[in-house]
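Data first, discussion second: the structure below is written as structure tokens.
The values are calculated or read from the model by the stated rules, or taken from the named source; none is laboratory data. If you're wondering where the values come from, they're calculated on a predicted model, not measured in any experiment. Using ideal geometry, Cβ is built from the backbone for each residue, glycine included, and neighbour counts are taken over all protein chains shown.
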Amino acid sequence: MEEVQEQSDQPPPSVTIDGVNEDCHAWLLQCTHKALQCVQKKDSELSVLLVTDEEMSELHLKHSGIEGTTDVLTFDLGSNEQTVLADIAICVDVAAREATVRNHSIQEELLLYIVHGMLHCCGFDDHDEIHHQRMHAEEDRILTEIGIGSVWSNSQ
């Protein structure tokens, strides 16, 4: 018996990921599409760029007025209840260091940062302890739902 797949009038989300090797790219792309489904943002456009510490430091200073590198910067380009529309810059150097500390793969760390950026566009914030915990719990929920498992809470 053939499985009937649900048809949708909406095209799949548009996701681009630049600055990563082909194998990692395919995995991140697949997981990012699943994560967008978890937050019910199917009509979305997401552009992810992986950058170095030096490039991230420049972006961080230019857009946040803060010196030094950071893990992820999210540029919300008009997200709403149905859509994530954003550019996300991710520092691959920070991801590599954190993946080592957290004892998981760099791919999982990069995916964590993509989900983190998406959640900023969904109204989540992490500038105080209560919101920080709420946001990271949601990250783990999404990562678990798409089959990766808890990344954030396992590193604490």
Any pair with Cβ under 7 angstrom, 6 or more apart, that starts in the stretch 67-93 at a residue that is within 18 Å of residue 35 (Cβ to Cβ) and ends at one that is among the polar types (S, T, N, Q) and assigned to a loop (DSSP other than H, G, I, E, B): 83/44; 84/44; 85/44; 85/79; 86/79
Among residues of the stretch 66-90, those that are exposed (fewer than 14 other Cβ atoms within 10 Å of the Cβ) and modelled with pLDDT of 95 or more, counted: 3
Single residue of the stretch 100-126 satisfying the filter (in a helix (DSSP H, G or I) and among the acidic types (Asp, Glu)) that is surrounded by the fewest Cβ atoms within 10 Å (Cβ to Cβ): 108
Hits in the stretch 96-118 - residues which are in contact with a helix residue (DSSP H, G or I) (Cβ under 6 Å, 6 or more places away or on another chain) and of a type in the set (D, E, K, R): 98, 102, 109
